[in-house]
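In what follows, a structure is listed as structure tokens, so that the remarks can point back to it.
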Amino acid sequence: MAFGEHADRFGWAAARRRRVLEQAEREQARESEAARERLLRHAAGAEHRLAA
């Protein structure tokens, strides 16, 4: 196998790992935002119950 073919395969694998990592980071950001929103809603509900 020629060096160029190895380099192409390596480049493809690196790009795939980068895409998978970026997708995982986006999913983690969405999950963090959802958790933050749940926490804020819970805190607002607790404040409302304390005020009543």
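The values are calculated or read from the model by the stated rules, or taken from the named source; none is laboratory data. The model shown is predicted, which means the values in this text are computed figures rather than measured ones. FYI the Cβ positions are ideal-geometry reconstructions off the backbone, even for glycines, and counts take in every protein chain you see. For the accessible areas, the whole protein counts, side chains as well, though only heavy atoms, and no ligand, DNA or RNA atoms are used. Shrake-Rupley method; radii C 1.70, N 1.55, O 1.52, S 1.80 Å.
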**Request:** Scan (1) open to solvent by 100 Å² or more (accessible area, probe 1.4 Å); (2) of a type outside the set (A, V, I, L, M, F, W, C); (3) modelled with pLDDT of 90 or more for the single condition residue 23 breaks and write down its number.
**Result:** (1)
**Prompt:** Quick check, is residue 46 surrounded by 10 or more Cβ atoms within 10 Å (Cβ to Cβ) and modelled with pLDDT under 90?
**Reply:** yes
**Prompt:** Which condition number does residue 4 fail, the rest of (1) at pLDDT below 80; (2) open to solvent by 80 Å² or more (accessible area, probe 1.4 Å) being met?
**Reply:** (2)
